[in-house]
Amino acid sequence: MTSAPNAEDTAASSPAPGGLGAAPAPVVALSPLSPPSSRYRISDAVYEQLSEAIRNLQLPPGTPISEPGIASWLQVSRSPVREAFTRLVDLGLISVVPQVGSQIAPISLREVEEAVFIRTALETSAFQRAIQGSAPDTTEIQRLVDANRRAAEDNDIKAFFDTDEQLHQNVFVLAGMPRLWHVVRGTKMQLDRLRQLNLSLAVLNPELVEEHQQIVDALRDQDEAAGLNVIRTHATRILDVMEMHRAAHPSFFAE
């Protein structure tokens, strides 16, 4: 098996752990790729692994990253890695610094604000559609809210984030538009990076779980005004902590 590349190929040192808004350590777990199906290119698999590592801050902003290092780690040739890098550069997730090399790009504050706007607009529209006609079946979304609450109580950050994603996705399922969630997710890469940075604080905020419950209650009661209000409040909360994280980690952010 090919050994993992040097740290300079995949991960930079992170700020010391602990304290308010401490950055997560860059623990990168990229698995060697299995042969893809005929409908799935190797470059797509490389792109997905890298984009998720960037989204989850396994590869934090400023991390040096190289095509040879990633190719070695994933046990693929450099050609699909180069294709994946090109896509990530086009999306503003990898920066090419002259005489330095490639590194993970900073979080774009403008794109965070755009993502919040898009998510709010689409989720409120999905909520309105979900409560049209007969009351929606809230069994599954209530299960997810309960799981989200348990994750918060256990301080299980990963489960808290995962169940948060799933319950908001379920609003689109209840609206009969499940594929629209993929549109939302595709626009919120920068937003999710900020959310990951904020997770250690978010999991301790009981208002977030309570707002999840209020969304379910509004769905069950077909209360449009209450539902739209709580979704807007909930979706824009992250903007309230953006400047705090920017002050704590200025190198992580760009306009």
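What follows draws every value from the coordinates through simple rules; no lab data is involved. Keep in mind that this is a model prediction, so the values were computed, not measured. Note that each Cβ is placed from the backbone with ideal geometry, even for glycine, and that neighbours are counted across all protein chains shown.
Which FRET efficiency, nearest 0.05, do Leu204 and Ala121 yield, Cβ-Cβ r, R0 30 Å? Efficiency for this residue pair is about 0.55.
Quick one: plug the Kirkwood hydrodynamic radius of segment 98-185 (C-alpha pairs) into Stokes-Einstein at 10 °C, 1.306 mPa s, and report D in µm²/s.
Result for D is 106 µm²/s.
By the count of other C-beta atoms within 10 Å, a proxy for reagent exposure, Arg232, Arg149 are ordered fewest to most as Arg232, Arg149. Coordinate range of the alpha-carbon atoms in segment 108-254 per principal axis, descending: 50, 32, 24 Å. Residues in segment 208-224 carry Karplus couplings, in order, of 5, 5, 4, 5, 4, 5, 5, 5, 4, 4, 5, 5, 4, 8, 6, 9, 5 Hz; the curve used is 6.51 cos²θ - 1.76 cosθ + 1.60 with θ = phi - 60°, and Gly or Pro positions show x.
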